[in-house]
1. In segment 26-52, what residues are out of contact with any Lys or Arg (no Cβ under 7 Å at 6 or more places or on another chain) and at pLDDT 85 or above?
2. Out of all the residues in segment 4-29, which are outside any helix (DSSP H, G or I), surrounded by fewer than 16 Cβ atoms within 10 Å (Cβ to Cβ) and on the phi < 0 side of the Ramachandran plot?
3. Taking segment 45-66 only, how many residues are among the hydrophobic types (A, V, I, L, M, F, W, C), part of a helix (DSSP H, G or I) and within 16 Å of Glu23 (Cβ to Cβ)?
4. Under 9 Å between Cβ atoms, which residue pairs at least 6 apart in sequence (or on different chains) link something in segment 19-38 that is under 12 Å from Met3 (Cβ atoms) with a partner that is basic (Lys, Arg) and modelled with pLDDT of 90 or more?
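The values are calculated or read from the model by the stated rules, or taken from the named source; none is laboratory data. Worth saying up front: this structure is predicted, and the values here are computed from it rather than measured. Cβ coordinates were reconstructed from backbone atoms using ideal geometry, including for glycine residues, and neighbour counts include every protein chain displayed.
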Amino acid sequence: MRMRYLTTAQDIGELGIIKSLCEANGIDCVFQDEHVSSLYPGVLDLCCQVMVDESEWERATTLISRLRLPIREIAPSS
């Protein structure tokens, strides 16, 4: 199994969402440096890299891209 870089989780919350998405969709993934940020809280450069099987990379990329959609404000109707 050849692993390919998918994304970097910016915090523990985002990592949890990525894990859940991958598991729910049957995508095997590996998390590099998953617990490092808990050893050094507040150090922003110690984010977790998410790796997936190369054969699942396109599907995983599509799932993760939906996480980072901009939030839009909805104007109240007049």
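1. Gly26, Asp28, Cys29, Val30, Phe31, Gln49, Val50
2. Arg4, Tyr5, Thr8, Gln10, Asp11, Asn25, Asp28, listed by residue number.
3. Initially, segment 45-66 is screened for residues among the hydrophobic types (A, V, I, L, M, F, W, C), giving 46-48, 50-52, 57, 60, 63-64.
Restricting the remaining residues to those that are part of a helix (DSSP H, G or I) gives 57, 60, 63-64.
In the following step, the residues that additionally are within 16 Å of Glu23 (Cβ to Cβ) were identified as 60, 63-64.
Of the residues in segment 45-66, 3 are among the hydrophobic types (A, V, I, L, M, F, W, C), part of a helix (DSSP H, G or I) and within 16 Å of Glu23 (Cβ to Cβ).
4. As it stands, the answer is Ile27/Arg59; Cys29/Lys19; Phe31/Lys19, since those pairs meet every condition given.
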